[in-house]
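The values are calculated or read from the model by the stated rules, or taken from the named source; none is laboratory data. Model, not experiment: these values are computed from the prediction. All Cβ positions, even for glycine, are placed from backbone atoms using ideal geometry, and neighbour counts span all protein chains on display. Accessible surface is based on the protein model in full, side chains and every heavy atom, while ligands, DNA and RNA are left aside. Shrake-Rupley method; radii C 1.70, N 1.55, O 1.52, S 1.80 Å.
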Amino acid sequence: MNYPIIKDHYGIKVVRDDLLPGGTKSILMESIDDPAITEFVYASPVYGGFQIALAMYCKRVGKRATIFCAQRNIKHANTLKCIENGANVIEVPYGYLSVVEKKAREYCNKPHIKKIVFGASTHENKLLIAERVKQVIELLGKEPNEIWCAVGSGTLISSILMAVSPNVKVVGVQVGADFKTMSPNLSIIPNLSIIKYPKPFDKESKIKVDFPSTPNYDLKAFELCLKQKGEGTILFWNVL
């Protein structure tokens with residue numbers, strides 16, 4: 001596992017997982033792999049980061065990554081990055097995520113093909129990321145007062161909550177699907193706050209920062225973190 005890198009930006013401690021090929025979830029690849037599987041399938045929003053991590057990993061180990069995503073007139077930069085890394089990208093017309101997921105499931109009709117759940121959101125994977133959170137706290141020398149991150153599948157924020165004490169305020173910025181619907185059990189945790197970004201998922205944050213951050217995802221969370229953070233040590237998790 002690549003050890004975390006933390007850098008100071010605008011008075012905030014930023015976990016720079018954008019420096020990993022494929023971001024935070026690239027650390028999960030070896031746990032997901034299976035010798036019996038030669039092709040991994042994933043249904044992804046075009047803005048998602050896990051698809052890139054999967055494409056890069058499969059290229060490295062000589063397996064096939066097939067990514068299902070919504071069809072667009074102009075391919076998203078993340079789609080192009082998957083293609084550059086050898087992924088088989090299948091674009092679905094009128095591709096709401098539920099439709100894209102259905103097409104991906106239908107594709108997986110052979111024993112050597114495996115579909116990965118959205119966000120790689122399994123308990124085992126959350127435990128792996130929780131260990132990374134503990135490494136970050138070890139590097140800081142103490143728990144931060146607040147931890148901020150964007151919320152998509154809920155995998156990262158679930159992992160953060162597993163790793164910290166109730167004294168740490170955890171703030172998730174909901175950038176897409178309703179977080180309460182996707183992770184109802186987490187929405188009642190006392191030290192967790194969820195803030196909904198005021199614009200739809202396909203609208204990018206316009207702020208300019210001095211580190212790479214996905215404008216449809218992490219950057220939206222960082223924008224609100226800058227505006228609404230409290231006092232003390234503030235940690236921001238930059239996934240990709």
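Packing-wise, with mean Cβ within 10 Å as the measure, how do 128-137, 84-93 rank, highest first? Each step should come with its number before you reach the end.
Numbers: 128-137: 18.7, 84-93: 16.1.
Result, highest mean Cβ count within 10 Å first: 128-137, 84-93.
Using 0.36 nm per residue of separation minus the Cα-Cα distance, give me the extension gain between GLN228 and ILE188 in nm, one decimal.
Working: separation 40, 0.36 × 40 = 14.40 nm, distance 2.10 nm.
Between GLN228 and ILE188, full extension yields 12.3 nm more.
Ratio to report: Rg/Rh of the range 1-86, with Cα atoms as the point set and Rh obtained by the Kirkwood method; give two decimals.
Computed over Cα atoms, the ratio is 1.03.
How much mean residue ellipticity at 222 nm does the chain get from its helices, if each DSSP H run of length 4 or more adds -39500 (n - 2.57) and you divide by all residues, to the nearest 500 deg cm²/dmol?
Details: 8 runs with 77 residues, N = 240.
Result for the chain, helices only: -9500 deg cm²/dmol.
Using the 2.2 N^0.38 Å rule of thumb for compact globular proteins, work out how the range 58-128 stacks up: its C-alpha Rg over that value, please.
Values: Rg = 13.2 Å, N = 71, 2.2 N^0.38 = 11.1 Å.
So the range 58-128 has a normalised radius of gyration of 1.19.
Towards the positive end of the charge dipole of the chain, with charges on Cβ (+1 Lys, Arg; -1 Asp, Glu), say which of MET29, HIS112, GLY11 has the farthest Cα.
Final value for the positive-end residue is HIS112.
Measure off, as a whole percent, the carbon and sulfur share of the 1.4 Å-probe accessible area of the chain, all protein chains present.
The value for the chain is 53 percent carbon and sulfur by accessible area.
Quickly work out the GLU143-to-GLU204 label distance, labels modelled 7 Å from Cα along the C-beta direction, and quote it in nm with one decimal.
In this crude spin-label approximation the distance works out to 3.7 nm.
Leaving out ligands and nucleic acids, and using a 1.4 Å probe, what accessible area per residue does the chain come to in Å²? Before the final figure, lay out the partial values.
On the way: 11610 Å² over 240 residues.
Per residue, the chain has an accessible area of 48 Å².
Can you give the charge dipole size of the chain about its Cα centre, rounded to the nearest 20 debye, using +1 on the beta carbon of Lys and Arg and -1 on the beta carbon of Asp and Glu? Could the numbers behind the result be given before it?
Values: 31 positive and 23 negative charges, 90 e Å.
Here the size comes out at about 440 debye.
How much length, in nm to one decimal, is gained on full extension between GLU106 and ASP8, taken as 0.36 nm per residue of separation minus their Cα-Cα distance?
On the way: separation 98, 0.36 × 98 = 35.28 nm, distance 4.55 nm.
Length gained between GLU106 and ASP8: 30.7 nm.
Which whole number of Å³ per residue matches the convex hull of the alpha-carbon atoms in the chain? Display every interim value, and only then the final one.
Numbers: hull volume 29.4 nm³, N = 240.
Convex hull volume per residue, Cα atoms: 123 Å³.
If you take the square roots of the eigenvalues of the alpha-carbon gyration tensor of the range 40-98 and sort them as a ≥ b ≥ c, do you get rounded (a/c under 1.5), prolate (a/b over b/c) or oblate? Mind dumping the intermediate values first?
Numbers: a/c = 2.10, a/b = 1.71, b/c = 1.23.
Judged from the Cα gyration tensor, the range 40-98 comes out prolate (a/c at least 1.5, a/b above b/c).
Take the Cα radius of gyration of the range 78-204 and divide it by 2.2 N^0.38 Å, with N its residue count; two decimals is plenty. Provide the component values of the computation, followed by the final result.
Details: Rg = 17.2 Å, N = 127, 2.2 N^0.38 = 13.9 Å.
It is 1.24.
How tilted is helix 218-228 with respect to the longest principal axis of the chain? Cα atoms for both, answer in degrees (0 to 90, nearest 10).
It works out to around 20 degrees.
Using a Gaussian network model on the chain with a 10 Å cutoff between Cα atoms, which of PHE211, PHE40, PHE50 fluctuates the most?
Per the Cα network of the chain with a 10 Å cutoff, PHE211 tops the list.
By how many degrees, 0 to 90 and rounded to 10, does the Cα axis of helix 97-107 deviate from the longest principal axis of the chain?
That works out to roughly 40 degrees.
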